[in-house]
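What follows draws every value from the coordinates through simple rules; no lab data is involved. On a predicted model such as this, the values are computed, not experimentally measured, just so you know. All Cβ positions, glycine included, derive from the backbone under ideal geometry; neighbour counts span all protein chains shown.
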Amino acid sequence: MTMRPAYPRALGWRHLAVLVMAALLLAASAARMDLGRLAQQMVTAVLAPTGLAAGSPETRALGGMIAQLAPIQLSDRRDVTSIADFDPDRLPPFAYLETTTETRLELDPDTLVHAQVARRTTWLVQPFGYAWQVAGEMLETIEIALWGTIVAIILSLPLALLGARPLMPQPIVRNAARSICAALRAFPELLSALFLVAAFGFGPGAGILALGIHAAGYLGRTFADAIEDADQRPLQAVQATGANGLVAFRMAVLPQVKAPFVSATFYILDRNVRTATVVGLVGAGGIGQELKGRIDLFEYGHVGTILIAILITVLLLDRIAIRLRHRGHADA
Amino acid sequence: MQIEAADLSLNHPDGTPALRDIGLRIASGQFCAVLGMSGAGKTSLLHLLGGLRTPSAGMVRLDGRELCDATLADLRPRIGQVHQAFALVRQSGSAANIIAGAAGQIPCWRALTGLYPAWARQRAVDLHVAMGLDAAALTRPVSTLSGGQQQRVAIARAMMGRPDLLLADEPVASLDRETARTVLDFLKTQQRETGMTVVCALHQPDFARAYADQIIVLDSGRVTFAGAAAAYRPAAGQGAAA
């Protein structure tokens, strides 16, 4: 007579040992990171506005910086003498001229005596000039992100095909493709942008390459994983008709992985838009370059406008990505 | 296509034997049913005949040519296979699944771009209709079809390449008896009209006797009966009259 088997246990002593070990390691790491002080500061920051705790220097500093962002800067005001070929009869739409008189103490070169001098300056005022400029730079940022994503797709597809077990039986080639993917995403975009700006100069080109190279590593691995997770039986069935590997992939695997491919690509596009603003800080084009300049000049009203533009763009792209992703799932 | 197998054996990856010393000969244009309980070795035998697995010992000859790596590329487009678990692309419609059965015969650039030749598109639709599937199923993901409908799509895909040999692993397992008869009638008609050889694993002895010219019975990886369908007498209680 055979023994009646028992229901398998969900947790064994090994699981428990791993959990205890992980908890000890996390506790040691938290002490090294001084997480206790961070938690205390966070609690103070949350409770200070309610009056339950006294404000700390950190919360006051953060509050002060945020307060300086308002009012945001929408208009643009330029001295007409700094505008090349300025024609007062042909002003841009909604623009108008403003004249100011400023009295300054200046040294007379003839008499070498300081005297009060009235200087008249004519300004070209565009009520939404700065908002328009930010919109243009935001568009350039989106273009950098878009081209970075296209570069990533082009680089990642061959790596994914070579790195997926069902399509590449040779472990050496597969491991090499996987290692290249890992190497590509090893360095953050900001770091590679620093080197690429040095090599290719300031501008969007360096940004596109920095985003494309990093994202290719992520997409290559994600695409390869999706191919490996797909049902392999249709692939074997199509290969059994005598089709070559590429045709079998197109007919049996691509329809299965289309939805995860689209999903990962939209995630990268969304991520690239946010990262494109960061790589601009080191001169790789886009809104980041403008943001860095305004921070350096302490023009926090301009910084506020840029931050709002980034927020609106990311939220809009997020909505578009969700819609397209749903459509992709519906079509798959 | 004529099939010959001699001393054919296959071991599972763990070393246990799936098939032992199988010898068989199926004449060209015959309808051969392979009967046996679950685990008897029917699927393993079909995999060996279709070149999906390599035998541990023995050999298979198709039209006098030994099935091996050197001949597989030539022979594969001549073999149609209905897989037990359908092996369909669940996200694609019936049309895309059926046309994939001719993947080896469609020019590479057309297969990659999806611009299939007119003959292939026409034949895919003809087979879809012949299988009694409605027009909407052409593009609807096959995951939304019933098990029986999916099985018919799998059969249509196997027929797509006008095979000389059809290997069907329980092609009517998910179908009610009436639909099963329709499908087997279709296979029988195709076999008679085109002269293709059909090797069909079945669970129902009554269907085997009604449709097959030849029956092979497997038990624990060995052939226990091989002969004309008329000579086969199922054990008491096995199968109903077709």
Worksheet item: Once you wrap a convex hull around the alpha carbon atoms of segment A:10-123, what is its projected area averaged over all directions, in nm²?
Response: 20.0
Worksheet item: Given the Cα atoms of segment A:77-165, and with Rh set as the inverse mean 1/r over their pairs in the Kirkwood sense, what is Rg to Rh to two decimals?
Response: 1.41
Worksheet, complete the sentence: Check: C-alpha center segment A:133-179 vs C-alpha center segment A:268-287, spacing in Å is 17
Practice prompt. Could you tally the net charge around B:Gly132, taking each other residue with its Cβ under 13 Å from the Cβ of B:Gly132, Lys/Arg +1 and Asp/Glu -1?
Written response: -3
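Suppose the chain between A:Leu107 and A:Ala6 were pulled fully straight at 0.36 nm per residue; how much longer would it get relative to their current alpha carbon spacing?
Numbers: separation 101, 0.36 × 101 = 36.36 nm, distance 10.05 nm.
26.3 nm is the gain from fully extending A:Leu107 to A:Ala6.
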Discussion item. Beyond 19 Å, how much of the Cα-Cα pair distribution for segment B:44-145 remains, as a whole percent?
Written reply: 54
Fill in: Among A:Ala45, A:Ala177, A:Ala252, residue whose mean-square fluctuation peaks in a GNM of chain A (springs only between Cα atoms under 10 Å)
A:Ala45
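I need the semi-axes of the equivalent ellipsoid of segment B:3-231: take the C-alpha gyration tensor, multiply each eigenvalue by 5, square-root it, list largest first in whole angstrom. Don't jump to the answer; show the numbers that get you there.
Numbers: eigenvalues 163, 83, 53 Å².
That gives 29, 20, 16 Å for the three semi-axes.
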Item to complete: Using all C-alpha to C-alpha distances in segment B:1-91, build P(r) with 10 Å bins and read off the rounded percent in each one.
Response: 15, 48, 32, 5, 0
Fill in: Most positive-pole-ward Cα, B:Leu187, B:Met1, B:Ala130, against dipole of chain B from beta carbon charges
B:Ala130
Fill in: For the protein assembly as shown, diffusion coefficient by Stokes-Einstein and Kirkwood Rh (Cα), 4 °C, 1.567 mPa s, µm²/s
43
Fill in: Euclidean distance of C-alpha centroids, segment B:197-216 and segment B:146-167, integer Å
17
Practice prompt. Just rank B:Ser9, A:Ser179, fewest to most, by other beta-carbon atoms within 10 angstrom.
Written response: A:Ser179, B:Ser9
Worksheet entry | Unit charges on C-beta of K, R, D, E only; dipole of the protein assembly as shown, Debye | 2040
Worksheet item: After finding the eigenvalues of the alpha carbon gyration tensor for chain A, what semi-axes result from the square roots of 5 times each, listed largest first in whole Å?
Response: 54, 32, 19
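Is the shape of segment B:75-126 rounded, prolate or oblate, going by the alpha carbon gyration tensor and its root eigenvalues a ≥ b ≥ c, with a/c under 1.5 for rounded and a/b larger than b/c for prolate? It would help to have the intermediate numbers written out before the result.
Details: a/c = 1.64, a/b = 1.24, b/c = 1.32.
Verdict is oblate for segment B:75-126.
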Fill in: Shielding by partners, peptide A:113-122 (average Cβ within 10 angstrom, other chains)
0
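Could you order the peptides B:36-48, A:287-299 from most to least packed, using the average number of other C-beta atoms within 10 Å per residue? Working shown, then result.
Working: B:36-48: 21.0, A:287-299: 17.4.
Order by mean packing, descending: B:36-48, A:287-299.
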